[in-house]
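Remarks on the structure that follows.
The values are calculated or read from the model by the stated rules, or taken from the named source; none is laboratory data. Just so you know, these numbers come straight off a predicted model, no measurement behind them. Using ideal geometry, Cβ is built from the backbone for each residue, glycine included, and neighbour counts are taken over all protein chains shown. Ligands, DNA and RNA are excluded from the accessible area calculation, which covers all protein heavy atoms including side chains. Shrake-Rupley method; radii C 1.70, N 1.55, O 1.52, S 1.80 Å.
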Amino acid sequence: MGFVTSALQIGRNAILANQGALQIVGNNVANAANPDYTRQTAGLTALEGTSLPGGLQPGAGVALTQLKRNLDEALEGRLRDALGNRESLTTQQSNLARLESLFNDVGGQGVGAQITDFFNKFSDVQNQPSDRGIRAVAIASGTGLAASLTRLRNDLIALGNDADSQIGVLVKQADQTAGQIADLNARILAAEAGGQGPASALRDQRDALLRDLSQLADVTVRTQSDGTINVYLGNEPLVLGGTSRGLTTKTTSDGQFTRTSILFADTGSQVVPRSGRLAGLMATRDQQAFARIEAVDRLARAIINDVNRIHADGQGLIGFSSLTGTYAVDDPTASLSSAGLPFAPTSGSFFIAVTNQATGLTRAYQINVDLDGTAPDTTLASLASDINTNVTGITATVTAGNRLSLTAADGLTFSFGNDGVTARSDTSGVLAALGLNTCFDGSSAADIRVNPALQQDPARLAAARVNFAGDGTNAGRLAGLANAASTLLSGSSISEGYQAITNDVAVTSGAAREAADASDTALSALQAQKESISGVSLDEEAINLLKYERAFQGAARYVTTVDRTLNELMSLLS
């Protein structure tokens, strides 16, 4: 009877083991189209049985002792890193394509085309300085250039703000994902308690969430001995077992731009992602959009400063009877070099030429500006006093808004940059710094505009150098500024300064495209590796299905044979 009992046990074990293996194959086939599923393999183990006569030990059949998930943890970590890198680069690439379009001069409406057109218009004025219509066209071109610079700046701000607005949405998503991972940790711990084997379905869900989280930010996973995982964001833990620290955001402003920061919800410590869509959005906001605003502002500042310094040295078709500067100082008693002017003057001098309208005679006065840092430096108040003391027929006052105002006596007009016979440049730059006889107002792309006085009267455009009829010399100097070295652009010309910005955008965008393509290739290779290990092959499962089916059938037939043998034995004993 011992033989019969052992034989039946072998058959029973075989039937149960192969039945379980068939269930595993069925589950694999059912999940063949599930991208988050990890293929499972049945672990069959031979059982030790009683000895046969003669001491032989064939065993007690087979048992299903293991359910193996075909997963390479190291490969999974590399895949998460590749996903984060790809998402970061793809996010930057898409936004850089938008950035490139902002610097596109197709249609002649971009800043580059406007710069060229603006300075070319001064060549037209140089050729026909007495034509008010041509002067008006040049002024309109300046208005268009100013509008293009402001529009470009606003578009860059919009790009940065758009990227910033997406950060808060993705942080909420990351926070929810982290909470779900923590919840699954607790469920897995409970399901696997007592050595019941891996909770494969729950682990697949957790792995899928980890991949989702890695697409948002760089995560590091540490597997614990109890089957749970700890998830680190940067160098700090985000998920510890069944607890998530949570993520939140904080919005700050530096007075010009608004930025959303990522914080751990429990301590408020800042998180700086190094990959994932969040890192890509932050790079877009800070490095691509907001950082380039500084370059555009620097370009606009150079245009304002360089054009104004030359324009202030010229004369229009008519002289001034009164003039008020467009730039104010913070304190009229402070040195002009530190009085809050957007463009600081230096030591030097300028000329005021006063013309008697009745006689046509001109008398010039030189005004010295001392800004060597040794008291007493020139202040706005002292400059007004010097003009009142030294210039006959001109009254200088400091307005309530701390601007310099000049008024000629009846029958007199005044101009700058000449002594009635010879050109006399303003070597101090104080005229441009105070906004006297300037072409542009403002100090950056945010507020650049053509001086309203020019828009009201094109005759004020300073095309002449020595106030002679038909003189377009100063307009020629203005035309040459497009390719002249600018001190505010480190020696580059205005045209070169803008080209440098566009070249940098093009190079950065091209590099991002190449990096994104490379990351796609690397990710595809890793996904192929993962598929070869964890993916379900229907051909392979068909082979396994046939193998376990045959084994099950064989075991069933074996049990039938043993049963028949037992019946024969019982009949012999009866």
Exercise. Name the residue, out of Ile188, Ile262, that is outside any helix (DSSP H, G or I) and of a type in the set (A, V, I, L, M).
Key: Ile262
Quiz prompt | Subset of segment 113-128 [open to solvent by less than 10 Å² (accessible area, probe 1.4 Å) and either more than 13 Å from Ala482 (Cβ to Cβ) or assigned to a loop (DSSP other than H, G, I, E, B) (or both)] | solution = Val125
Practice problem: Could you tell me which numbered condition Phe351 fails, if it satisfies all but one of (1) open to solvent by 20 Å² or more (accessible area, probe 1.4 Å); (2) in contact with a Pro (Cβ under 7 Å, 6 or more places away or on another chain); (3) of a type in the set (Phe, Trp, Tyr)? | Solution: (2)
Quiz item: Does segment 465-476 contain any residue that is within 42 Å of the chain's Cα centre (by Cα) and in a helix (DSSP H, G or I)?
Solution: yes
Practice problem: Scan segment 325-346 and give yes if some residue there is more than 26 Å from Gly472 (Cβ to Cβ), of a type in the set (Val, Ile, Thr) and crowded, with 18+ Cβ neighbours inside 10 Å, otherwise no. | Solution: yes
Quiz item: Does segment 237-260 contain any residue that is open to solvent by less than 20 Å² (accessible area, probe 1.4 Å) and either charged (D, E, K, R) or under 30 Å from Asn27 (Cβ atoms) (or both)?
Solution: yes
Practice problem: Give just the number: which of (1) closer than 22 Å to Asp155 by Cα; (2) free of Cβ contacts under 8 Å to residues at least 60 places away in the same chain does Thr65 not satisfy? | Solution: (1)
Quiz item: What single numbered condition from (1) in contact with a Gly (Cβ under 7 Å, 6 or more places away or on another chain); (2) at pLDDT 90 or above fails to hold for Val559?
Solution: (2)
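Would you be able to say whether some residue in segment 451-468 is closer than 23 Å to Arg151 by Cβ, out of contact with any His (no Cβ under 6 Å at 6 or more places or on another chain) and either among the acidic types (Asp, Glu) or surrounded by fewer than 19 Cβ atoms within 10 Å (Cβ to Cβ) (or both)?
Looking through segment 451-468, at least one residue is closer than 23 Å to Arg151 by Cβ, out of contact with any His (no Cβ under 6 Å at 6 or more places or on another chain) and either among the acidic types (Asp, Glu) or surrounded by fewer than 19 Cβ atoms within 10 Å (Cβ to Cβ) (or both).
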Quiz item: If a residue has to be open to solvent by 50 Å² or more (accessible area, probe 1.4 Å) and either within 15 Å of Phe118 (Cβ to Cβ) or part of a helix (DSSP H, G or I) (or both) to count, how many in segment 477-505 make the cut?
Solution: 9
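Out of the residues in segment 16-41 meeting the condition of being among the aliphatic types (A, V, I, L, M) and surrounded by 20 or more Cβ atoms within 10 Å (Cβ to Cβ), tell me which one is farthest from Ile543 (Cα to Cα).
Quick first cut of segment 16-41, residues among the aliphatic types (A, V, I, L, M) only: 16-17, 21-22, 24-25, 29-30, 32-33.
If we keep only those that are surrounded by 20 or more Cβ atoms within 10 Å (Cβ to Cβ) too, we end up with 17, 21, 24-25.
Numbers: Ala17: 17, Ala21: 13, Ile24: 13, Val25: 10 Å.
The extreme case among them is Ala17.
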Practice problem: Could you tell me whether any residue of segment 320-341 is touching a Phe, Trp or Tyr at 6+ places or on another chain (Cβ under 8 Å) and of a type in the set (Val, Ile, Thr)? | Solution: no
Quiz item: Within segment 64-85, can you find the residues that are open to solvent by 50 Å² or more (accessible area, probe 1.4 Å) and part of a helix (DSSP H, G or I)?
Solution: Glu73, Ala74, Arg78, Asp81, Asn85
